[in-house]
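Okay, structure first, notes after.
The values are calculated or read from the model by the stated rules, or taken from the named source; none is laboratory data. Everything numeric here is computed off the predicted structure, so don't read it as measured data. Cβ placement follows ideal geometry from the backbone for every residue including glycine, while neighbour counts extend to all protein chains displayed. We work out accessible area using only protein heavy atoms, side chains counted, and drop any ligands, DNA or RNA first. Shrake-Rupley method; radii C 1.70, N 1.55, O 1.52, S 1.80 Å.
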Amino acid sequence: MVHSLEMKKNRKREGLFVAEGPKVVGDMLDSYRAHAIIATDEWLAKQASGTTGLDKTCKWTAEAWGVVTVTEEELRRTSFLQHPQQVMALFQMPDESDIADVDPSSQLCLALDGVQDPGNLGTIIRIADWFGIDHILCSKETADAYNPKVVQATMGSLAHVHLHYIDLNTFIAQQSGNVPIFGTFLDGKDIYSTQLSQSGIIVMGNEGNGISDSVSELVSHRLLIPDFHEGKSAESLNVAIATAIVCSEFRRRG
């Protein structure tokens, strides 16, 4: 059952995803409903003693869903990690298409236009959490946030940031003219000397192709992260690094 959740179609069918390790599972328990917890005696003993600060939550979870106790070897065979960390849990997936709480006119939102790499997506979710961005709008081509690799890369930040998989073109088109739409381009204006706002949508594009043509047409503010080592620098920035720079500059101006 657990191993089948490595595949997106099985996660969709079951409505479940996997998180592993005390830190990630602990954070997820605050925001997501646990379907099952698979843990070693060592982790369970810490819960009983209250040393993790999660004893009340885990007690409720154990009563409601049950906890499967396993040995270190059994956990190793079940885990997706090279070095398992005492506990893994199955959580119920949220409604990814729910955008009722998304209001770019009053808050800063991220939009991901075809970000493919699970590591990049996980890092971007952590960046959004760090900079207080509550919502990430994802195109249907963006990597699945509930892929085990992404979940682990978020280091628990998935519990604090809401991911929405939508028709990105349609959503941004509906906002166009009402809120600023920002995006990074090689022919954009220097982000360090451009007026920024604390609301609107920041679009980040695919690792190889950048922002798609259809979304590019909707961007009202084209930004550039300047190259300070002209002629000798890297060809481009990693999308997660670029996201961190952009979010930092927006918040610095706030």
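Quick notes
- Top-ranked residue of segment 201-220 - restricted to ones that are over 19 Å from the mean Cα position of the chain (by Cα) and assigned to a loop (DSSP other than H, G, I, E, B), ranked as surrounded by the fewest Cβ atoms within 10 Å (Cβ to Cβ): 208
This table checks each residue for (1) at pLDDT 95 or above; (2) of a type outside the set (Lys, Arg); (3) in a strand (DSSP E or B).
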{"position": "99", "(1), (2), (3)": "no, yes, no"}
{"position": "126", "(1), (2), (3)": "yes, no, no"}
{"position": "133", "(1), (2), (3)": "yes, yes, no"}
{"position": "136", "(1), (2), (3)": "yes, yes, yes"}
{"position": "145", "(1), (2), (3)": "yes, yes, no"}
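- Under the condition of being in a helix (DSSP H, G or I), open to solvent by 10 Å² or more (accessible area, probe 1.4 Å), of a type outside the set (Asp, Glu) and over 16 Å from residue 67 (Cα atoms), the residues counted in segment 3-54 number 9.
- Whether a residue is part of a loop (DSSP other than H, G, I, E, B), touching a helix residue (DSSP H, G or I) at 6+ places or on another chain (Cβ under 8 Å) and farther than 28 Å from residue 80 by Cα was assessed, and residue 223 does not pass this test.
- Selected residue (criterion: most open to solvent (accessible area, probe 1.4 Å)) from residues of segment 150-176 that are over 27 Å from residue 216 (Cα atoms), part of a helix (DSSP H, G or I) and in contact (Cβ under 8 Å) with a residue 60 or more places away in the chain: 152
- Residue match in segment 76-88 (condition: β-branched (Val, Ile, Thr), open to solvent by 40 Å² or more (accessible area, probe 1.4 Å), out of contact with any helix residue (DSSP H, G or I) (no Cβ under 7 Å at 6 or more places or on another chain) and at pLDDT below 95): no
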